[in-house]
Each structure stands twice: as structure tokens, then as C-alpha cells.
Amino acid sequence: MHIPFCTAKCGYCDFNSYVGHDHTIPSYTKSLLTDASLWRAAVGGRAVETVFFGGGTPSLTPLPEMQFLMAGLRDAFDILPDAEVSLESNPGSLTTEYLRGLRDIGFNRLSIGVQSFDDEELVSLDRTHSADEARQAYASARDAGFDNVNLDLIYGLPEQPLSKWQSNLEAALDLAPEHLSLYALTVEEGTPLARDVARGRTPAPDPDEQATHYEYTQERLARAGYEHYEISNWARPGRRCRHNLIYWTHREYLGMGAGAHSYLNGARFGMVLLPNRYGELVDESAAAQDGVMRHIASAETPPPELVMADALILGLRLLDGVDVREFARRYGASPDDVYGDILREFEGYGILERTPTHLRLSKRGLLLSNELFLRLLPEAVEV
Ligand code: SF4
């Protein structure tokens, strides 16, 4: 479920999110539920293992709307009793009372967008909360009974010395979350950050510094008992994010909401970006009752070579890598059958390595995976 509303736009963000539209959340949640009812047949009674509210800032959604949404989703879909039900949140919008309410309606995993424990860095990122508010939000989550909490942090900010990133990491470890998602700051086209970098107001993040931060992080989190299981994700044993594992293992999912993406029944599709337009088109689709989803903006059924490329690229993001025999069973050809030359080339560079059963990125490959992923896309492959 995509909830595309935020209290302010962060300078580095290119997500589909909108500021100043909070008053439309009640009507938007109604549209989401209408949308859910439209998809019931396409999902075809499949059991739902995970539910994820992403954004935007889903935690801006008031509790009555959350209750309404979860009840409606349970009516529309077969959500398993042990499903992982996650909410992305930002520190400023969390109180213990709100979080208790979320627990009562079935949320069992909370992701908090901390980004930094340094107030100056938070200002430079245009975040609207302080480090103390992030700690308070975390304490409230624990008070409310959340025992599965992720913290999001960003490393490799412009001119961020390693020592500052180390302090951030220690501040996160002091809280002992179950899961950490750690991303290098990237300059996305069209963002205020990209404009500042282009005009020389802000230096661009330094990829060498980011690599140093990343390598330090791997070593420090291993010592702290976290499993590094995906390029940007670490978890306590047994606490990997089940929802994101669905993407990385190339299984199907349904995304609802403005700008949400799906991979369902062999098709990939994305919904219209603007929340108001999404609501209007959902209503039109519901009124027509002809099965045409007018709120889908783009759709394709990827050809087999693209399906295989996606599966391999996503699977290689996992540190376990890709089970070669399982891949051949699912897609009718092994990675070596389709990409043999490229795979051998990247093994030669020390970017890929093999176990008796798996193909995976090497330690060095975790830093250089994009080079490989670009080569695996179909236009680069002769099939
Ligand atoms: S809170 Fe998240 S989604 Fe909203 S603007 Fe900031 S980075 Fe983007």
C-alpha cells in the first residue's frame, strides 16, 4: 500500500510523495479500499504472507483510517494469521498511543526513517525531526510492544567523515534494533540535491568515501551479530524482512496506491502517480465493472529474457546469491546457459563467485554490482 504524503520534501528524495495533502488522506484511504476490492478476483484467493505500508510517510495516516484500511484488506484478501504487517514511519509522527493502536490492528513490524543521529546532518538532508525525536520514536515503539523494528540510515553524505558515520552506527546499535537498512546517499535527477550539486552549492557524495563507510559497516555489524543478507540490509538472525524477500526472490506482489508497482500473474504494472487522479480513476474502474483498471498507467508482460534477467539481478542482491538449480527449474535455463560469457567475465574480475550450489556476489562485488547488473539486462545480452 503506497501512502504518498509527507510533511516536507527531503532534498534527496525522488519518491512519489506530496506535501500539504494530508487533508485528503481519508478520501485516499477509501480509494485504496475500493482498489483492493477490484483486485480480489485477480489475486484469486492466494494467501497473503506480508502486507507493507510504504511511502511517503504512512504513519501520517490517522488511526481510524488505519483501522478502516486493515479491516478492509482482511475482507478483500486472505491475509495469513502469521503475516508480516509492516509500516514505514518517520519519527515526528509517532506517539506511543498511535503505535499501540497499530499493534492492536495487527501491525507487527515498524520501520523508522531515522537517516542520521546527527542534528546537523538531519538539517542538511531536510529532515523535519531531530536525533532525540528519533530515539523517542524508537522508545515509543518498544513501549507499544513492537519487537521487530527496522531503522533506515543514510551514509556517505557529502564531506561526512568516517568518524561521523561510525558515531551514527554506534547510536543505532545502542538501540539494538532487529533490522538495519543502510543506504549510500545518491543524487537522483530532478531533486533539490541534484540542483545543489550541479550549481556547486553542495559537493557530490564521494564514492570512495562511501565504499569505505560500507566496508566499515559490514565489519562492525558482523561483530555486533547482524547478518548481512542483502546489499543494503542487515538483520538479527530470523529477522530478515519477509516482505522485501518476496521482491528479491522474484515472487509476485500487488501494489496499490498512487505510483504503486506490481508484478502479478506474469505482468508488471504501475499505477498513476497523482493521488487525486488515482482516486478518480479507481472510482471510474469500480463504476464501470468491466474489469478494466483505468488507474493503471503502464503495464507490460515481460518477455522470458527480461524475466530471467530480473530474477538473476534481484537474486544476486542477496548475499546467499542465486541457487543455480532452482533458477533452472523456475526459468527453464540456468544462469550459465543464458549469461555464461558475462558470468565468467565477472568471475574473472573477482565480482562474482560460486559455491557448490549458488552463484553470488563476492565481497568486492557488493560494491560493484551495478556494473554487472547493467550487463545482465536483455539489450546487453545475446539470447
Ligand atoms: S520522508 Fe521519505 S518519502 Fe517523504 S520526502 Fe522524505 S525521503 Fe521522501
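Just a few scattered comments:
- Residue in segment 7-25 that is at pLDDT 95 or above, more than 9 Å from the ligand (Cβ to nearest atom), open to solvent by 40 Å² or more (accessible area, probe 1.4 Å) and in a helix (DSSP H, G or I) present: no
- Candidate set from segment 129-146 (those that are in contact with a strand residue (DSSP E or B) (Cβ under 9 Å, 6 or more places away or on another chain) and part of a loop (DSSP other than H, G, I, E, B)); member that is modelled with the lowest pLDDT: His129
- When segment 94-128 is filtered for residues that are within 16 Å of the ligand (Cβ to nearest atom), part of a helix (DSSP H, G or I) and under 11 Å from Ser140 (Cβ atoms), nothing remains.
- The lone criterion from (1) more than 16 Å from the chain's Cα centre (by Cα); (2) touching a residue at least 60 places away in the same chain (Cβ under 8 Å) left unmet by Ala297 is number (2).
- Of all residues making up segment 334-344, the number that are over 15 Å from Gly315 (Cα atoms) and touching a residue at least 24 places away in the same chain (Cβ under 8 Å): 2
- Failed condition for Thr50, given (1) open to solvent by less than 30 Å² (accessible area, probe 1.4 Å); (2) within 14 Å of the ligand (Cβ to nearest atom): (2)
- Segment 264-291: number of residues that are part of a loop (DSSP other than H, G, I, E, B) and open to solvent by 50 Å² or more (accessible area, probe 1.4 Å): 6
Quick grid of which residues meet (1) open to solvent by less than 80 Å² (accessible area, probe 1.4 Å); (2) outside any loop (DSSP other than H, G, I, E, B); (3) of a type in the set (Phe, Trp, Tyr):
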residue	(1), (2), (3)
Met293	yes, no, no
Ala309	yes, yes, no
Ile313	yes, yes, no
Arg329	no, yes, no
Asp337	no, yes, no
Leu343	yes, yes, no
Leu359	yes, yes, no
Arg364	no, yes, no
Glu379	no, yes, no
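- If you go through segment 259-277 and keep only what is in contact (Cβ under 8 Å) with a residue 40 or more places away in the chain and in contact with a Leu (Cβ under 6 Å, 6 or more places away or on another chain), you end up with Gly259, Leu264.
- Matching entry among Leu245, Leu221 (being closer than 30 Å to Leu38 by Cβ and of a type outside the set (Lys, Arg)): Leu245
- Residue that is nearest to the ligand (Cβ to nearest atom) [pool: residues in segment 55-93 that are under 17 Å from Phe146 (Cβ atoms) and among the acidic types (Asp, Glu)]: Glu88
- Counting only residues that are open to solvent by 10 Å² or more (accessible area, probe 1.4 Å), within 15 Å of the ligand (Cβ to nearest atom) and in contact (Cβ under 8 Å) with a residue 40 or more places away in the chain, segment 129-150 holds 1 of them.
- Pair list, Cβ < 6 Å and 6+ apart or interchain, from segment 215-243 residues that are in the same structural domain as Leu151 (by TED's automatic domain parsing) to residues that are in a helix (DSSP H, G or I) and open to solvent by 50 Å² or more (accessible area, probe 1.4 Å): Glu230/Arg317; Ile231/Arg317
The values are calculated or read from the model by the stated rules, or taken from the named source; none is laboratory data. Just so we're clear, the structure is a prediction, and the values are computed from it rather than from any experiment. Cβ sites come from the backbone with ideal geometry, for glycine too, and all protein chains shown count toward neighbours. Quick note on the areas: whole protein, heavy atoms, side chains included, nothing else; ligands and nucleic acids left out. Shrake-Rupley method; radii C 1.70, N 1.55, O 1.52, S 1.80 Å.
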